[in-house]
Amino acid sequence: MLIIGSAIVVMAAMVIFAELPVAWAVAGSGVMALVVIAVNAMKTPGAPADPAPVPPAVSEPGRLDTMRMISEALPDPVILLDAQSRVLTANEPARSVFERIDLDDHISSVIRSPRVHEAIDQVLETGDGVMIDYEHRVPIDRRFELHIVSLGASPQAKRDKEAPTTLLLLRDLTRQEQVERMRADFVANASHELRTPLASVLGFIETLQGAARNDEKARAEFLELMRSQAARMARLIDDLLSLNSIELNAHVRPNDDVDVVLVVAHVAEILKPLAAESGVALAVDTPPVPLTVKGDRDELIQVFQNLVENAIKYGQSGGRVDITFSSAGDTVGVEVRDYGPGIASEHVPRITERFYRVDVKQSRQKGGTGLGLAIVKHILNRHRAGLTVKSIPGQGACFNVVLPLSTPAVDARKPT
């Protein structure tokens, strides 16, 4: 309620001090009555009295400054345009959505949608606000409800390059849409993938209740198989929940400073026992300086743990896994390489798909759920990072993660 109340006060202030029409304040808020009440309360405080003197009109530069200041207080992306549809100002949420937005740019260089441009022209011509759906696809898919509102500028203001005439307000529907899609995906994926292990467990139970009722050896064997299948189902559910959580926040870029060198060192330490048990030498070529990226530490640990664990399990026959770092300009690369059987070229483009397995039997034997690389892909998308995969059958596989640095690297060791 506090957030809603604050938003109402901010919108009411824009109506009064920036001389906007009351109607624009409804855009995306759904609280028209409250806005009108707030505006009236701010205009006529206390008991009814004689009409107050009308204040002198605010100059266009002053009006723009006031609107710019108040728009920065709004949580939704807001862009103000002049009569020629050039950008006068954009608040911080708008700048985070449209990473390249400069003052005096025509809106067509910011929003590349003919439908949006036609709607803006319509608002400029008629003065009536419109609402349309808008999909923004770079760097990730996002869906917005776009409100375009006329600011009721005078003819003189329309000729003034500094006079705001049109307001664009975007209401983000991405999370709402993702929740609906993930609910359907979760049910479909869980029901499909859980069917096989559940059928196995039910078969073992029926056998124990029947022919093997008094067979101690068979009972011990079947109980172990049932435990294995139950563990597989638990891993599958954990991975599905993890993937859904990551997708839910895919449009929100992490902002914490994380040293990727320390993240990889932590992962290597965790997986040393597995490497030793598998007879694989795990080598990390650590650079001499920190390599800091904007990210979520736990999610980056999940990325490299998945990649290194896969290299150990599926590249076991090569006997070695190398992790190396490189930097180029404002990016850092982390390469995980194994020397096992490799991946056939026809599989490489699809290995980050949900439940895609190069060898289904081997994957299940090694405890794989078919979701590890899908999780890696979605985490890296959220970090605005990239993943490249190179493999030659019989010579191993190389997975290279490229992350944007938050500060330039002083030096980094090149992979050998």
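The values are calculated or read from the model by the stated rules, or taken from the named source; none is laboratory data. Computed from a predicted model, the values in this text were never measured in an experiment. Positions of Cβ are backbone-derived with ideal geometry, glycine not excepted, and every protein chain shown enters the neighbour counts.
Scan segment 324-336 for residues that are surrounded by 14 or more Cβ atoms within 10 Å (Cβ to Cβ) and either touching a Phe, Trp or Tyr at 6+ places or on another chain (Cβ under 8 Å) or among the acidic types (Asp, Glu) (or both) and jot them down.
If the condition is that a residue be surrounded by 14 or more Cβ atoms within 10 Å (Cβ to Cβ) and either touching a Phe, Trp or Tyr at 6+ places or on another chain (Cβ under 8 Å) or among the acidic types (Asp, Glu) (or both), then Val332, Gly333, Val334, Glu335, Val336 are the ones that fit.
Every residue in segment 231-252 that is within 28 Å of Ile323 (Cα to Cα), buried (at least 16 other Cβ atoms within 10 Å of the Cβ) and either of a type outside the set (S, T, N, Q) or in the same structural domain as Asp141 (by TED's automatic domain parsing) (or both), please.
Leu236, Asp239, Leu240, Leu243, Ile246, Glu247, Ala250, listed by residue number.
Among the listed residues Val123, Val130, Val78, identify the single one that is among the β-branched types (Val, Ile, Thr), crowded, with 20+ Cβ neighbours inside 10 Å, under 13 Å from Leu170 (Cα atoms) and touching a strand residue (DSSP E or B) at 6+ places or on another chain (Cβ under 8 Å).
Step by step, each of Val123, Val130, Val78 is checked, and only Val78 is among the β-branched types (Val, Ile, Thr), crowded, with 20+ Cβ neighbours inside 10 Å, under 13 Å from Leu170 (Cα atoms) and touching a strand residue (DSSP E or B) at 6+ places or on another chain (Cβ under 8 Å).
Quickly run through segment 94-120 and pick out the residues that are surrounded by fewer than 17 Cβ atoms within 10 Å (Cβ to Cβ) and part of a helix (DSSP H, G or I).
Arg95, Ser96, Ser108, Ser109, Pro114, Arg115, His117, Glu118
Considering only segment 65-93, state which residues are in a helix (DSSP H, G or I) and closer than 19 Å to Glu145 by Cα.
Result: Ser71, Glu92, Pro93.
Which pairs turn up if I take residues in segment 212-224 that are surrounded by 13 or more Cβ atoms within 10 Å (Cβ to Cβ) and look for partners that are not in a helix (DSSP H, G or I) with beta carbon separation below 8 Å, at least 6 apart in sequence or on another chain?
Close Cβ pairs satisfying both conditions: Ala218/Ala212; Arg219/Ala212; Phe222/Ala212.
I'd like to know if segment 188-197 contains one or more residues that are in a helix (DSSP H, G or I), among the hydrophobic types (A, V, I, L, M, F, W, C) and surrounded by 14 or more Cβ atoms within 10 Å (Cβ to Cβ).
Yes: one or more hits.
Restricting to segment 130-145, name every residue that is among the charged types (D, E, K, R) and in a loop (DSSP other than H, G, I, E, B).
Matches in segment 130-145: Arg137, Asp141.
Restricting to segment 171-210, what's the tally of residues that are of a type in the set (Asp, Glu), at pLDDT 80 or above and over 30 Å from Asp76 (Cα atoms)?
Of the residues in segment 171-210, 1 are of a type in the set (Asp, Glu), at pLDDT 80 or above and over 30 Å from Asp76 (Cα atoms).
For Val258, only one of the following conditions fails: (1) in a helix (DSSP H, G or I); (2) among the aliphatic types (A, V, I, L, M); (3) assigned by TED's automatic domain parsing to the domain that holds Pro404; (4) buried (at least 16 other Cβ atoms within 10 Å of the Cβ). What is its number?
So Val258 meets the others, but not (1).
Please go through segment 261-300 and give me each residue that is in contact with a Gly (Cβ under 8 Å, 6 or more places away or on another chain) and surrounded by 20 or more Cβ atoms within 10 Å (Cβ to Cβ), ordered by number.
Answer for segment 261-300, where residues must be in contact with a Gly (Cβ under 8 Å, 6 or more places away or on another chain) and surrounded by 20 or more Cβ atoms within 10 Å (Cβ to Cβ): just Val280.
What single numbered condition from (1) hydrophobic (A, V, I, L, M, F, W, C); (2) at pLDDT below 85; (3) out of contact with any Ser or Thr (no Cβ under 8 Å at 6 or more places or on another chain) fails to hold for Val110?
Among (1) hydrophobic (A, V, I, L, M, F, W, C); (2) at pLDDT below 85; (3) out of contact with any Ser or Thr (no Cβ under 8 Å at 6 or more places or on another chain), the lone unmet condition for Val110 is (2).
Do we have any residue at all in segment 238-257 that's β-branched (Val, Ile, Thr), under 17 Å from Glu309 (Cα atoms) and in contact (Cβ under 8 Å) with a residue 12 or more places away in the chain?
For segment 238-257, residues β-branched (Val, Ile, Thr), under 17 Å from Glu309 (Cα atoms) and in contact (Cβ under 8 Å) with a residue 12 or more places away in the chain: absent.
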